[in-house]
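Engineer: This is the structure I want to talk about, given as structure tokens.
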Amino acid sequence: MSTSAQPVTAQPVTARPVTVRPVTVEHHREPLGIGQESPRLSWVVDTDVPGWVQRAHEIEVSDPDHPGEPLRTGRVDGCEQVLVPWPAAPLGSRERRSVRVRVWGQEGGPTAWSAPTVLETGLLDAGLWSSRMVAPALPPTGEGGEPAVLLRGEADVRGGVVRARLRATAHGVMTLHLNGAPVGEDVLHPGWTSYATRLRYSTWDVTDLVREGRNALGAHLADGWWRGHLGFAGLRDVYGATTAALVQLEVEHADGTRTVVGTDASWRSTLGPVTRADLYMGETFDARRRLEGWSTPGFDDAGWDAVTVEPFDTSTLVAPDGPPVRRQGVVRAVAITTSPSGRTIVDFGQNLVGRLRLHVPAGEPGRVVTLRHAEVLEHGELGVRPLRAARATDEVVLDGREFTWEPEFTLHGFRYAEVDGWPGGLTADSLEAVVVHTDLRRLGEFECSDPLLTRLHENVLWSMRGNFVDVPTDCPQRDERLGWTGDLQVFAPTAAYLYDTAGMLTGWLADLAADQHPDGNVPVYVPWADVDPDLPPLGAEAGWGDAATVVPWTVYERSGDAGVLRRQWGSMTAWVDALSSRAGHALDFASGGFSFGDWLDAAAPDDQPWAARLPWQAVATAYLARSAQIVRDAAGVLGETAAQQRYGDLADRVAARYRTEYVTPSGRAAFPSQTAYALGLAFGLLRPDQRERAGELLAEQVAADGYHVGSGFLGTPLVCDALADTGNGATAWRLLLQTQCPSWLYPVTMGATTIWERWNSMLPDGSINPGTMTSFNHYALGAVADFLHRRVGGLAPAAPGYRRLRVAPLPHPALTRARTAHETPYGRAAASWTLDGGEFTLEVTVPPSTEADVHLPDGSDPVTVAAGVHRFTCTVTEGVAAEAPAAFAGA
Ligand code: RAM
């Protein structure tokens, strides 16, 4: 075994100037209509100078509308460049600022100023909403869903328009029009939040659409989450029995005055061409009912109904924290076949979330084209049983003309679509699948020489896409699609690596806190809605409610945002207090009751997903310790010293209780199972002298399980780390590369293109699991991708926001190479390695202003390197992967 003494660091051929990317504002992609009066600023420095570190910065804030002396901070010494406090006076509503920055490195003068970023606040004062929430006169309930309605109003706008903003929200989901043109590209606006206390509004720049004189505003409004089917008990009208819209157009004039118009009692509504629209059930578009020009000025709406002005509290309105849901691209059909029963089935080759876009030829008026959707085929036909009550059926009624159509207010989870009634021959050019999800910025990549492992990662990516649709959901296809907290709790680190989730999850965490019970209990899904009167009241649910601590901590760890800990502080502590109160005086959950536990353990009977190998009380004790540790550490970050002491003591007492109840003195688990060992090891609940033995016993347990997965939602993400951290990496690899069920790769061998809810959602004979809860797009079991990123690729945060990196790849002879990259808050980091016989080569890219601790797999001492590209080599002998050093303990 040998290692190169020092890495070889690449030297730039020609020194390019150091430049600063445009400043970003909080976690916004587009800082228009933001809700922060003192938004924090971040920037990334681009340079290939090895070892470059920011030594100082200067921020300039100016008012783009009143050029004058800008505010300049002057040179501020320090390396801060992530979420730097707003340096100017707090902003009021509708204020605009232009911001730029320049920085200093170790030597020389400042860089050039970054290109300016213009930010603009929304309505920070609820009293500035003068428009009213208006409800349409709803037509009678249709079968399987409600019709969408058109609302319109007109207003005069004086000349001298400088800029115009449209702000809107709805009880329901909507698209907006101004003077005949669509406004923005948002899908399912305003999304789903804890509506009673937090209704999101958005702001669009409509300067180019507004005109002097008469203007027409239009809203196309459907039920969405507010009034449509929601949950698994067939309920609708969960939030309200009527939809409504709030639209406000604000026009600024050159003379400094402002025209504000919008929804009021003068608006009118009617049933439009969308005669049925429901998230689960699908949508019907009757082309014959199209109303050309309905959102242009002067349209004759005399036959339309008057709207009703609804009482509405504008103080519940909030600006977005993250990006909206938008179309993300299209997937083309890969095959069109005829099923055994004679139906036309289109295969898109990828299980995805979105809807079909049709290029409909001229067919006879009144002809109905019907589209049914499914994730899998069973016996050659659409496998719709897993969708339960979600009909997932769209219909288009033709009007004799040729047109392109896509539903507006529904989403389906599907790989296959059955098309019935198509006029003429259906070809791959007749339709495409439009992928829809929250418009998150992509951050992470992973790829390796094993095609199955690479496909597994691709499947995780697709399951994330399909379930990050405004709310992080468990599944996107059946009558459920809820923001199950446990699913996100385990998946959040993976999500944060793949996409920039900080903004979206900041909003979701505000919903979590808003829906938290006064006693601190966290609902099992967020936003909470009472979708099933028969659901037994659940107590503090370990592993689910822990999203209250784990998710903010993950956002902090991955994005460097300590503000989220401050905002969630009350929620985090209240949750730990609630769980410890359920645990009781002895901290052992002795009063019993029900808990999800290690949900969907591979050994649990199909109809008893809670019946895991490890009793739920053990899982709950471990999670209580973990959450208390997180609150202790968060208290340290926030300077809450008394709380740091209190929750630290609690964490220690709970860990001691776990050892007493569930671990023998030598480290053996009382209920031997992969999850029992993994929880003890990964959450740091064992004494140092027990760890090594527990690691060995975990490896034995995995071997006894035939190198199959033997855990559920909560244990699964921890097992490989627990093995790798105790020198049993070779066992982690055997588990990871297993292809027999249950394993991560079994679904891949079955042709899966997303992560399944159950290890055996599809049985080896191609039939669908008989359980009533069988999704083919559930990210929870895909949480292992975080291990692929941190330990296979080898890139992990060693300090919040990746200010310090830990590079510790765990190679295996079955792979000749692996590569991972992540756009950190400081710039791009990457690790890629090759293994050729025993020759291991690693290339590491370290972003400016950061450092990396590199642990080579030969067990040599770690090497710390600064910004730049570094190459390492060493020799590894077969099986040496098993001896790799301990992983980042805080991940
Ligand atoms: C089901 C889903 C979901 C899980 C809950 C407990 O509805 O499997 O993912 O979180 O149960």
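Engineer: So, in the range 859-883, exactly how many residues are buried (at least 19 other Cβ atoms within 10 Å of the Cβ) and modelled with pLDDT of 95 or more?
Structural biologist: Residues in the range 859-883 being buried (at least 19 other Cβ atoms within 10 Å of the Cβ) and modelled with pLDDT of 95 or more: 7 in total.
Engineer: Name the residues in the range 195-209 that are in a loop (DSSP other than H, G, I, E, B) and crowded, with 21+ Cβ neighbours inside 10 Å, would you? Let's see the steps before the verdict.
Structural biologist: Kept after step one, since they are in a loop (DSSP other than H, G, I, E, B), are these residues of the range 195-209: 195-198, 201, 206-209.
Answer for the range 195-209, where residues must be in a loop (DSSP other than H, G, I, E, B) and crowded, with 21+ Cβ neighbours inside 10 Å: TYR195, TYR201, VAL206.
Engineer: Could you tell me whether the range 573-581 includes any residue that is farther than 23 Å from GLY224 by Cα, touching a Pro at 6+ places or on another chain (Cβ under 7 Å) and away from the ligand (no atom under 16 Å from the Cβ)? Quick ask: steps written out before the conclusion?
Structural biologist: Step one: list which residues in the range 573-581 are farther than 23 Å from GLY224 by Cα, which gives 573-581.
Checking the rest, the ones that are also touching a Pro at 6+ places or on another chain (Cβ under 7 Å) come to none.
Scanning the range 573-581 turns up no residue that is farther than 23 Å from GLY224 by Cα, touching a Pro at 6+ places or on another chain (Cβ under 7 Å) and away from the ligand (no atom under 16 Å from the Cβ).
Engineer: Follow-up. Do we have THR754 as closer than 13 Å to LEU452 by Cα, buried (at least 21 other Cβ atoms within 10 Å of the Cβ) and within 16 Å of the ligand (Cβ to nearest atom) here? Step through it out loud before you land on a result.
Structural biologist: Numbers: closer than 13 Å to LEU452 by Cα: yes; buried (at least 21 other Cβ atoms within 10 Å of the Cβ): yes; within 16 Å of the ligand (Cβ to nearest atom): yes.
When the stated conditions are applied, THR754 passes them.
Engineer: Just one of ASP237, ASP255 is of a type in the set (D, E, K, R) and in contact (Cβ under 8 Å) with a residue 12 or more places away in the chain; which is it? Can you show your working first?
Structural biologist: Working: ASP237 fails: in contact (Cβ under 8 Å) with a residue 12 or more places away in the chain.
Just a single option satisfies the conditions, and that option is ASP255.
Engineer: Something else about it: Going by the structure shown, is ALA656 in contact with a strand residue (DSSP E or B) (Cβ under 9 Å, 6 or more places away or on another chain) and of a type in the set (Gly, Ala, Ser)? Steps first, answer last, please.
Structural biologist: Details: in contact with a strand residue (DSSP E or B) (Cβ under 9 Å, 6 or more places away or on another chain): no; of a type in the set (Gly, Ala, Ser): yes.
Considered against the rule, which asks whether it is in contact with a strand residue (DSSP E or B) (Cβ under 9 Å, 6 or more places away or on another chain) and of a type in the set (Gly, Ala, Ser), ALA656 comes out as no.
Engineer: Assess whether GLY78 counts as being touching a residue at least 12 places away in the same chain (Cβ under 8 Å) and touching a strand residue (DSSP E or B) at 6+ places or on another chain (Cβ under 6 Å).
Structural biologist: Working: touching a residue at least 12 places away in the same chain (Cβ under 8 Å): yes; touching a strand residue (DSSP E or B) at 6+ places or on another chain (Cβ under 6 Å): no.
Judged against the criteria, GLY78 is not a match.
Engineer: Name the one entry in THR485, THR506, THR473 that is within 11 Å of the ligand (Cβ to nearest atom), farther than 21 Å from LEU718 by Cβ and of a type in the set (Val, Ile, Thr).
Structural biologist: Working: THR485 fails: farther than 21 Å from LEU718 by Cβ; THR506 fails: within 11 Å of the ligand (Cβ to nearest atom).
The match here is THR473.
Engineer: Among the strands (runs of 3 or more DSSP E) contained in the range 810-873, which hold 1 or more residues that are of a type in the set (S, T, N, Q) and in contact (Cβ under 8 Å) with a residue 12 or more places away in the chain? Break it down stepwise before answering.
Structural biologist: Values: elements: 817-824, 827-836, 839-846, 851-854, 863-865.
Output list reads 817-824, 827-836, 839-846, 863-865.
Engineer: Out of (1) in a helix (DSSP H, G or I); (2) in contact with a Pro (Cβ under 8 Å, 6 or more places away or on another chain); (3) without any contact (Cβ under 8 Å) to a residue 40 or more places away in the chain, the odd one out for ARG791 is which?
Structural biologist: Condition not satisfied by ARG791: (3).
Engineer: Considering the range 582-607 alone, what residues qualify as being away from the ligand (no atom under 16 Å from the Cβ), out of contact with any Phe, Trp or Tyr (no Cβ under 6 Å at 6 or more places or on another chain) and touching a residue at least 60 places away in the same chain (Cβ under 8 Å)?
Structural biologist: ALA586, LEU587, ASP588, ALA603
Engineer: Considering only residues that are of a type outside the set (Gly, Ala, Ser) and in contact with a strand residue (DSSP E or B) (Cβ under 8 Å, 6 or more places away or on another chain), look in the range 790-802 and name the one that is farthest from GLU458 (Cα to Cα). Please lay out each step first, then the result.
Structural biologist: Step one: list which residues in the range 790-802 are of a type outside the set (Gly, Ala, Ser), which gives 790-792, 795, 797, 800, 802.
Checking which are in contact with a strand residue (DSSP E or B) (Cβ under 8 Å, 6 or more places away or on another chain) leaves us with 790, 792, 795, 797, 802.
Numbers: ARG790: 16, VAL792: 15, LEU795: 18, PRO797: 22, TYR802: 24 Å.
In this case the residue turns out to be TYR802.
Engineer: Then there is this: Within the range 627-641, is there a residue that is free of Cβ contacts under 8 Å to residues at least 40 places away in the same chain and among the acidic types (Asp, Glu)? Break it down stepwise before answering.
Structural biologist: To start, the set of residues in the range 627-641 that are free of Cβ contacts under 8 Å to residues at least 40 places away in the same chain comprises 632, 635-636, 639, 641.
Next cut, among the acidic types (Asp, Glu) only: none.
No, the range 627-641 contains no residue that is free of Cβ contacts under 8 Å to residues at least 40 places away in the same chain and among the acidic types (Asp, Glu).
The values are calculated or read from the model by the stated rules, or taken from the named source; none is laboratory data. Remember, it's a predicted structure, so these values are computed and weren't measured experimentally. Please note: Cβ atoms are built from the backbone with ideal geometry, for glycine as well, and neighbour counts cover all protein chains shown.
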